[in-house]
Amino acid sequence: MFSFFKKKAPPAAPIFTMGDAPPAPPAPAPAAQVPAATSPETIAAEPVDMRGGLAMLSPSPVQPRDRWVNRLRTGLQKTGASISQVFVGTKIDEHLYEELEAALLMADTGVRATEFLLEDLKRRVKEAKATDPQQVKALLADAITELLQPLAKPLVVGEHTPTVIMVVGVNGAGKTTSIGKLTRHLADADQRVLLAAADTFRAAAREQLAVWADRNKVEIISQEGADPAAVAFDAVSAGKARGRDVVIADTAGRLPTQLHLMEELKKIRRVIAKADATAPHEVLLVVDGNTGQNALTQVKAFDDALKLTGLIVTKLDGTAKGGVLAAIARERPVPVYFIGVGEKLEDLETFDAREFAQALLG
């Protein structure tokens, strides 16, 4: 069994897997209305029934896990090819390590992570008394897996009702699309989701999020031309009143160097806390895997400003810079909840350190 996310239930709630017959859900309470003063536009859809307990899913409601691993390997092919060729037609000597160092740096693994991996690899080779370059490659996969393992944590929902997720990122990283895919995964797991269209600056953002809401049959709170923080506040208030399990707030794209715009994100976070003192419970940064070391710069900047709880790494398909996750693990180990290799729903999956390390090496 594999869990897309772990849902912590109240102590009295029964625990069951998707294979068990869940108890009949209680009759829903009448939905409370958002105060008329805010006048948000609500696009309603039939809510998904909530199931108590620890929700355990099969590898994916869309595809077997091995199919996903093949897609990931294909996506990282450019990165993998540049590293794998180091181990072809060579012998284990200092020249091999020099070539490997260059390949890792070209893959945007970063200086600190590259130095760490090479030192760790040499130790493993010595302990294993490896004599074949392919053995060294396998030991490198072990070293990368161990480095990335602290990033492999599940998204937890259910400790708070609703669990409020604030999603941030620069323009073009795939933020709104990732929200749509995440919403689908949550809805498939019987989580009642409410979306907040708090990206009021980009013309098409509101409409794009509304399309995802319609596809996933969830509600969306939006106001044309409204203050982003006000929209987020209304959504959290509505989520609490209507008994939603998860509220996801989309926000406008920001460059870390645009300090006045980063202050707007801080304001959204503060206003969310006014609607729910414990929120936001998750602050997720969506980063484009193609940007390499720039992705690490974004992680550091957004983490300093907002205290990130997790990452969604997108667009790993076709990149030669897949090593950036090793740099993140070494320099700013924010958990990676999901990684993506394309635009389709099945192209966003949970992060597994071993799978990624093996795909990275081809």
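Things worth noting here:
- Here r is the Cβ-Cβ distance between residue 304 and residue 111 and R0 is 22 Å; the resulting FRET efficiency, rounded to 0.05, is 0.60.
- At an R0 of 51 angstrom, the distance between the Cβ atoms of residue 135 and residue 207 translates into a FRET efficiency of 0.40.
- Taking all protein chains into account, the per residue accessible area for region 131-208 stands at 33 Å² (1.4 Å probe).
- Ranked by how many other beta carbons lie within 10 Å on average, peptides 336-343, 195-202, 151-158 from highest: 195-202, 336-343, 151-158
- Burial order of peptide ranges 176-184, 91-99 (average beta-carbon count within 10 Å, highest first): 176-184, 91-99
- 3J(HN,Hα) along region 77-92, derived from phi through the Karplus expression 6.51 cos²θ - 1.76 cosθ + 1.60 where θ = phi - 60°, amounts to 4, 5, 5, x, 5, 5, 7, 5, 5, 4, 9, 9, x, 9, 10, 7 Hz, with x in place of Gly and Pro.
- For region 182-199, putting each phi into the Karplus relation 6.51 cos²θ - 1.76 cosθ + 1.60 with θ = phi - 60° gives couplings of 4, 4, 4, 4, 5, 5, 5, 9, 6, 9, 8, 10, 10, 9, 10, 7, 8, 8 Hz, in residue order, rounded to whole numbers and with x for Gly and Pro.
- Measuring nothing but protein heavy atoms, the accessible surface of region 122-222 at 1.4 Å probe radius is 49 percent carbon and sulfur.
- Among 344, 315, the sequence by solvent-accessible area, most first, with a 1.4 Å probe is 344, 315.
- Each label point was placed 7 Å from the Cα along the Cα-to-Cβ direction; for residue 142 and residue 67 their separation is 3.4 nm.
- Share of pairwise Cα separations in region 172-214, more than 14 Å, in percent: 46
The values are calculated or read from the model by the stated rules, or taken from the named source; none is laboratory data. If you're wondering where the values come from, they're calculated on a predicted model, not measured in any experiment. Neighbour counts run over all protein chains shown; Cβ positions are idealised from the backbone, glycine included. For accessibility, only protein heavy atoms count, side chains too; no ligands or nucleic acids. Shrake-Rupley method; radii C 1.70, N 1.55, O 1.52, S 1.80 Å.
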